[in-house]
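Asks: Shown below is the structure under consideration.
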Amino acid sequence: MIDTHAATDVTSTDTPAVSRGGLPLDRVPLAVHDLTVAYYRKPVLWDVDFEAPEGKLIAIVGPNGAGKSTLIKAALDLVPRTSGRVLFYGKPYRRQRQLIGYVPQRESVDWDFPVTALDVVVMGRYGQVGWCRPVGRQHREAARAALEHVGMGDFAGRQISQLSGGQQQRVFLARALAQDARLYFMDEPFAGVDAATEKAIVRILHELRSGGRTVIAVHHDLQTVPEYFDHVLLVNLRVVAAGPTASTFTSENLQKTFGGRLTLLDQAAHALASRR
Amino acid sequence: MTWYPLDTGIVLVGALSAVACALLGNFLVLKRISMMGDALSHAVLPGLAIAFLLTGSRGSLTMFIGAAVAGVLTAAISQWVSELGQVEESASLGVVFTALFALGLILIVRGADAVDLDPGCVLYGSLELVPLESWNVAGFPLPRAAAPLAVACVLNLGFLLLFYKELKVSTFDPALAKTLGIPARLLHYVLMTLIAVTTVAAFESVGSILVIAMLIVPPATAHLLTDRLPVMLLLSVVLAMAAAVLGHVAAITVPTWFGYADTSTAGMMAVVAGLLFGLAVLAAPRYGLARRVAQQFAVTLRIAREDALGLLYRIEETQAGVSAAAVPRLLREALGGSSLLNHWALRSLRRAGHITRADAEYRLTDAGRATARTLIRAHRLWESYLTKHLALRPDQVHAPAHRIEHFTTGAMREALAGDVEPATQDPHGRSIPDEPSAGEASAVQ
Ligand SMILES: Nc1ncnc2c1ncn2[C@@H]1O[C@H](COP(=O)(O)OP(=O)(O)OP(=O)(O)O)[C@@H](O)[C@H]1O
Ligand SMILES: [Mg+2]
């Protein structure tokens, strides 16, 4: 793998140790500066500036194709950045891998792959296991505990295609828990799950938050944003607005993010109004 | 059939090439890039030709280096083409490898006088000639061609064992692999290089067609048979060896049945591998056709059995004696279904002790009656329910109730009984039997 960001990252280690918000940088889980990403010269993210507060649940909200998944992938060096800088707790990604967990969109993997639910969760521990070493007992146990934690203990030995969509999502979540990270990125963790699984996921998000972890999740259901998340980042090519949900998740900002295309907006505005 | 030591030598070389290929092929199949095997085994040709033209040597090392470079280039170029041209990877692969293969052919034909590489031989190999160059190991003629193949096997197996978990995660979820610091792309290129090198090691003896078959067919067969990765890897090796042994046996026996001399072992190995795959498609435990057909038949038979019980129960209710000979006719008239199926159903009910045949009459046993009762209960409860909630006329509810009665669980019957009023009589005025008591129900088991 060729690391195309090596040059920028080296200089970024000696940037000022204070964030724009005045916090020491090593207390800021994610700081994105002037991030631009383009596929085949077509920009899909433009000049993104964002700082994630520590210990919060943060929603990334925006229409389809707004660049939400791309934002996460660019931060994690999974797609090349055209320009810009991303720091995790004050350091570039390469040096903080162990602190960061990633739950990709469920469709991104092949569920016919011949592995069990437990095998998938164990993968979350590979970073700790080290190269060419077999997976030790303690890692298997940690993985099993994570599976139990998401209520999937009975399914440990199941091949993963024989799980329902919600159960697959829980397995992904368990894998992230097994990773034991400080900052989590989750791409649409609530996509296609039923009410029970949604509750279970929310409970786990809350537990993560009380453990001081930060979670950044792409979320599509506008109705539940204020209920589940402390902060929001509204994106559509650029950052439309970012900040605490109460002050940022307004129908005005949503209008700017989604343009005229949403009647859902009115519903969301309605939901908001009824909460106040 | 007579078996000579040279047959053993041929099988050994065939099996070693098959195993070396199958080991790596597992990951091509799992990455869903089976075409890559095809591409690589063709695209190494210009690598071989150029290596020869540059060095003038046909030594193994030169050939392997040429192949490795060509392999990596194929994988890399096709990736660039697909990224830059925004086309599907398999399409760009098709373009790249045919172009490289053509280039290789031109180079070989151009330098034909100097180069002793024969395109035909590259395609079909010459497995039968392998024993001509042998070492004598304690009286056994060990073909020289076995040596590079054994090395390839060891190399490939070592790679798989050493990087097992890295290969697993970067194949299943490349994004996760990268975030864990596992260089998925580097592993991919190492895999491609090993395939290219294995291809060359196997070329001379078995030819590129068999190489392609062995890269893909045994792993694909193994994938059908299991859903555990370690088992899949092991099975693919066993299947590869089986194809080699059976292929050679078939090659020297089958044609003689028809009065011909024996045929190409490499060809037969590919045929046998294909047959094994076909068998797996039919018989695979979970995805197999045979199993699906069997499952459907099991459901059909169960329904026919239940229908027969229901009919006998209704006959018992009306207290009209019906001769055993009339039962099949009644079954056919009342319920449709083929005579053969009804015959089977009655026979299996007798075997299971649900009905007896005495005095030329079929009678329900206690166990049979208990089962029939739950069925009739479900049927009549559904009739009441459909009348109540869908406002259907009593003559409209029999058919739907008759279909759904076979899929009604105890919990559903309970819920239905709680819903309909009265729970003792159906819309036609017939009584709804009680749930069998615990004692009766246990007789059913
Ligand atoms: N690998 C790729 N190659 C080319 N274009 C891409 C690629 N991935 C995404 N894009 C484009 O980039 C834009 C942003 O995509 P992205 O996946 O980040 O959107 P998203 O906000 O996550 O959308 P969704 O809500 O549908 O998941 C889209 O216009 C998409 O077509
Ligand atoms: Mg997305």
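Asks: Only one residue in B:LEU224, B:LEU233 is open to solvent by 30 Å² or more (accessible area, probe 1.4 Å) and either modelled with pLDDT under 95 or closer than 22 Å to A:SER161 by Cβ (or both). Which one?
Replies: Details: B:LEU233 fails: open to solvent by 30 Å² or more (accessible area, probe 1.4 Å).
On inspection, the qualifying residue turns out to be B:LEU224.
Asks: Would a scan of segment B:142-163 turn up a residue that is in a helix (DSSP H, G or I), under 22 Å from A:GLN179 (Cα atoms) and within 14 Å of another protein chain (Cβ to nearest Cβ)? Quick ask: steps written out before the conclusion?
Replies: We begin by selecting, within segment B:142-163, every residue in a helix (DSSP H, G or I); these are B:146-162.
Remaining after also requiring under 22 Å from A:GLN179 (Cα atoms): none.
Taking every residue of segment B:142-163 in turn, none turns out to be in a helix (DSSP H, G or I), under 22 Å from A:GLN179 (Cα atoms) and within 14 Å of another protein chain (Cβ to nearest Cβ).
Asks: Taking the residues in segment A:49-81 that are in a loop (DSSP other than H, G, I, E, B) and of a type in the set (A, V, I, L, M, F, W, C) as candidates, determine which candidate is nearest to ligand 1 (Cβ to nearest atom). Give the steps one after another, and end with the answer.
Replies: To start, the set of residues in segment A:49-81 that are in a loop (DSSP other than H, G, I, E, B) comprises A:53-56, A:62-67, A:76-81.
Restricting the remaining residues to those that are of a type in the set (A, V, I, L, M, F, W, C) gives A:66, A:76, A:78-79.
On the way: A:ALA66: 4, A:LEU76: 13, A:LEU78: 10, A:VAL79: 7 Å.
Step by step, filter segment A:49-81, then rank; the result is A:ALA66.
Asks: Is it the case that some residue within segment A:50-71 is open to solvent by 10 Å² or more (accessible area, probe 1.4 Å), under 22 Å from A:LEU23 (Cα atoms) and aromatic (Phe, Trp, Tyr)?
Replies: yes
Asks: Any idea how many residues of segment A:13-42 are under 30 Å from B:GLY85 (Cα atoms) and either open to solvent by 50 Å² or more (accessible area, probe 1.4 Å) or within 8 Å of ligand 1 (Cβ to nearest atom) (or both)?
Replies: Pass one, segment A:13-42, residues under 30 Å from B:GLY85 (Cα atoms): A:34-42.
If we keep only those that are either open to solvent by 50 Å² or more (accessible area, probe 1.4 Å) or within 8 Å of ligand 1 (Cβ to nearest atom) (or both) too, we end up with A:34, A:39-42.
Qualifying residue count, segment A:13-42: 5.
Asks: May I pose another question? Of all residues being touching a residue at least 24 places away in the same chain (Cβ under 8 Å) and part of a helix (DSSP H, G or I) in segment B:52-65, which is most open to solvent (accessible area, probe 1.4 Å)? Just the residue, please.
Replies: B:LEU53
Asks: Just the residues that are of a type in the set (Phe, Trp, Tyr) and in a loop (DSSP other than H, G, I, E, B), please, taken from segment B:247-286. Break it down into steps so the answer makes sense when it comes.
Replies: Narrowing segment B:247-286 to residues of a type in the set (Phe, Trp, Tyr): B:257-258, B:260, B:277.
Result: B:PHE258, B:TYR260.
Let's see how each residue does on (1) farther than 30 Å from B:ASN342 by Cβ; (2) of a type outside the set (D, E, K, R); (3) in contact (Cβ under 8 Å) with a residue 24 or more places away in the chain; (4) not assigned by TED's automatic domain parsing to the domain that holds B:LEU23:
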position	(1), (2), (3), (4)
B:PRO218	yes, yes, yes, no
B:PRO230	yes, yes, no, no
B:SER236	yes, yes, yes, no
B:ASP262	yes, no, no, no
B:GLY278	yes, yes, no, no
B:ALA304	no, yes, yes, yes
B:ARG314	no, no, yes, yes
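Asks: Give the residue, chosen from A:GLY127, A:GLY84, A:GLY101, that is open to solvent by less than 50 Å² (accessible area, probe 1.4 Å), at pLDDT below 95 and part of a helix (DSSP H, G or I).
Replies: Values: A:GLY84 fails: part of a helix (DSSP H, G or I); A:GLY101 fails: part of a helix (DSSP H, G or I).
Result: A:GLY127 is the single residue among A:GLY127, A:GLY84, A:GLY101 that is open to solvent by less than 50 Å² (accessible area, probe 1.4 Å), at pLDDT below 95 and part of a helix (DSSP H, G or I).
Asks: What pairs come out if I take residues in segment B:351-372 that are at pLDDT below 90 and pair them with residues that are open to solvent by 70 Å² or more (accessible area, probe 1.4 Å) and of a type in the set (A, V, I, L, M, F, W, C) whose C-beta lies under 9 Å away, six or more apart or interchain?
Replies: Listed by first residue and then by second, the contacts come to B:ALA360/B:ALA325.
Asks: From the residues in segment B:224-239 that are in a helix (DSSP H, G or I) and within 7 Å of chain A (Cβ to nearest Cβ), which one is farthest from B:LEU279 (Cα to Cα)?
Replies: Just the residues of segment B:224-239 that are in a helix (DSSP H, G or I), to begin with: B:224-225, B:229-239.
Narrowing the set further to residues that are within 7 Å of chain A (Cβ to nearest Cβ) leaves B:229, B:232.
Working: B:LEU229: 21, B:MET232: 16 Å.
Within segment B:224-239, the match that is farthest from B:LEU279 (Cα to Cα) is B:LEU229.
Asks: Looking at A:VAL121, A:VAL44, can you tell me which residue is part of a helix (DSSP H, G or I) and in contact with a Leu (Cβ under 8 Å, 6 or more places away or on another chain)? Break it down into steps so the answer makes sense when it comes.
Replies: Working: A:VAL44 fails: part of a helix (DSSP H, G or I).
It is A:VAL121.
Asks: Kindly establish whether A:LYS68 is among the basic types (Lys, Arg), within 13 Å of ligand 2 (Cβ to nearest atom) and away from chain B (no Cβ under 14 Å).
Replies: On the way: among the basic types (Lys, Arg): yes; within 13 Å of ligand 2 (Cβ to nearest atom): yes; away from chain B (no Cβ under 14 Å): yes.
Considered against the rule, which asks whether it is among the basic types (Lys, Arg), within 13 Å of ligand 2 (Cβ to nearest atom) and away from chain B (no Cβ under 14 Å), A:LYS68 comes out as yes.
Asks: Looking for something more than 14 Å from every other protein chain (Cβ to nearest Cβ), away from ligand 1 (no atom under 11 Å from the Cβ) and more than 30 Å from A:ALA246 (Cα to Cα) - is there at least one such residue anywhere in segment A:95-113?
Replies: Residues of segment A:95-113 that are more than 14 Å from every other protein chain (Cβ to nearest Cβ), as a first pass: none.
No, the conditions are met nowhere in segment A:95-113.
Asks: Return the residue satisfying two criteria in turn: it lies in segment B:400-440 and is touching a strand residue (DSSP E or B) at 6+ places or on another chain (Cβ under 9 Å) and in a loop (DSSP other than H, G, I, E, B), and of such residues it is most open to solvent (accessible area, probe 1.4 Å).
Replies: So the first thing to find is which residues in segment B:400-440 are touching a strand residue (DSSP E or B) at 6+ places or on another chain (Cβ under 9 Å), and the list is B:424-425, B:431-432.
Those still in the list that are in a loop (DSSP other than H, G, I, E, B) too: B:424, B:432.
Working: B:THR424: 87, B:ILE432: 9 Å².
Selected residue: B:THR424.
Asks: Output the number of the condition that B:ILE376 fails; it satisfies all remaining conditions of (1) assigned to a helix (DSSP H, G or I); (2) surrounded by fewer than 16 Cβ atoms within 10 Å (Cβ to Cβ); (3) in the same structural domain as B:PHE407 (by TED's automatic domain parsing); (4) of a type in the set (Val, Ile, Thr).
Replies: (2)
Asks: Quick check on segment A:180-196: of everything there that is under 18 Å from A:LEU57 (Cα atoms) and open to solvent by 10 Å² or more (accessible area, probe 1.4 Å), which residue is farthest from the other protein chains (Cβ to nearest Cβ)?
Replies: First pass over segment A:180-196, keeping only residues under 18 Å from A:LEU57 (Cα atoms): A:180-191.
Subset that is open to solvent by 10 Å² or more (accessible area, probe 1.4 Å): A:180, A:182, A:188, A:190-191.
On the way: A:ASP180: 13, A:ARG182: 14, A:GLU188: 14, A:PHE190: 19, A:ALA191: 16 Å.
The qualifying residue farthest from the other protein chains (Cβ to nearest Cβ) is A:PHE190.
Asks: Could you please let me know if B:PRO131 is outside any helix (DSSP H, G or I), modelled with pLDDT under 90 and under 21 Å from B:VAL245 (Cβ atoms)?
Replies: On the way: outside any helix (DSSP H, G or I): no; modelled with pLDDT under 90: yes; under 21 Å from B:VAL245 (Cβ atoms): yes.
For B:PRO131, the condition - outside any helix (DSSP H, G or I), modelled with pLDDT under 90 and under 21 Å from B:VAL245 (Cβ atoms) - is not met.
Asks: Do you know which of the residues in segment A:213-224 that are closer than 16 Å to A:TYR102 by Cβ and more than 16 Å from ligand 1 (Cβ to nearest atom) is surrounded by the fewest Cβ atoms within 10 Å (Cβ to Cβ)?
Replies: A:ARG213
Asks: Please go through segment A:130-149 and pick out each residue that is closer than 18 Å to B:GLU166 by Cα and crowded, with 20+ Cβ neighbours inside 10 Å.
Replies: The one that is closer than 18 Å to B:GLU166 by Cα and crowded, with 20+ Cβ neighbours inside 10 Å: A:ALA143.
Asks: Tell me whether segment B:188-196 contains one or more residues that are over 30 Å from A:ILE100 (Cβ atoms) and surrounded by fewer than 24 Cβ atoms within 10 Å (Cβ to Cβ). Write out each step before concluding.
Replies: Pass one, segment B:188-196, residues over 30 Å from A:ILE100 (Cβ atoms): B:193-196.
Now restrict to residues that are surrounded by fewer than 24 Cβ atoms within 10 Å (Cβ to Cβ): B:193-194.
Yes; the residues of segment B:188-196 include at least one that is over 30 Å from A:ILE100 (Cβ atoms) and surrounded by fewer than 24 Cβ atoms within 10 Å (Cβ to Cβ).
Asks: Within 16 Å of ligand 2 (Cβ to nearest atom) and touching a residue at least 24 places away in the same chain (Cβ under 8 Å): does that describe A:HIS231? So that I can check it myself, show each step before the final result.
Replies: Numbers: within 16 Å of ligand 2 (Cβ to nearest atom): no; touching a residue at least 24 places away in the same chain (Cβ under 8 Å): yes.
Against the criterion (within 16 Å of ligand 2 (Cβ to nearest atom) and touching a residue at least 24 places away in the same chain (Cβ under 8 Å)), A:HIS231 does not qualify.
Asks: Given the residues A:ASP47, A:ASP77, A:ASP110, which is the only one that is more than 18 Å from the chain's Cα centre (by Cα), away from ligand 2 (no atom under 16 Å from the Cβ) and open to solvent by less than 50 Å² (accessible area, probe 1.4 Å)?
Replies: On the way: A:ASP47 fails: open to solvent by less than 50 Å² (accessible area, probe 1.4 Å); A:ASP77 fails: more than 18 Å from the chain's Cα centre (by Cα).
It is A:ASP110.
Asks: Assess whether A:SER210 counts as being away from ligand 2 (no atom under 16 Å from the Cβ), under 19 Å from the mean Cα position of the chain (by Cα) and surrounded by fewer than 21 Cβ atoms within 10 Å (Cβ to Cβ).
Replies: Details: away from ligand 2 (no atom under 16 Å from the Cβ): yes; under 19 Å from the mean Cα position of the chain (by Cα): yes; surrounded by fewer than 21 Cβ atoms within 10 Å (Cβ to Cβ): yes.
Taking the combined requirement at face value, the residue satisfies it.
The values are calculated or read from the model by the stated rules, or taken from the named source; none is laboratory data. These figures come from a predicted structure and were not determined experimentally. In this analysis, Cβ positions are derived from the backbone assuming ideal geometry, glycine residues included, and neighbour counts consider all displayed protein chains. The accessibility values were calculated without ligands, DNA or RNA, using every heavy atom of the protein model including side chains. Shrake-Rupley method; radii C 1.70, N 1.55, O 1.52, S 1.80 Å.
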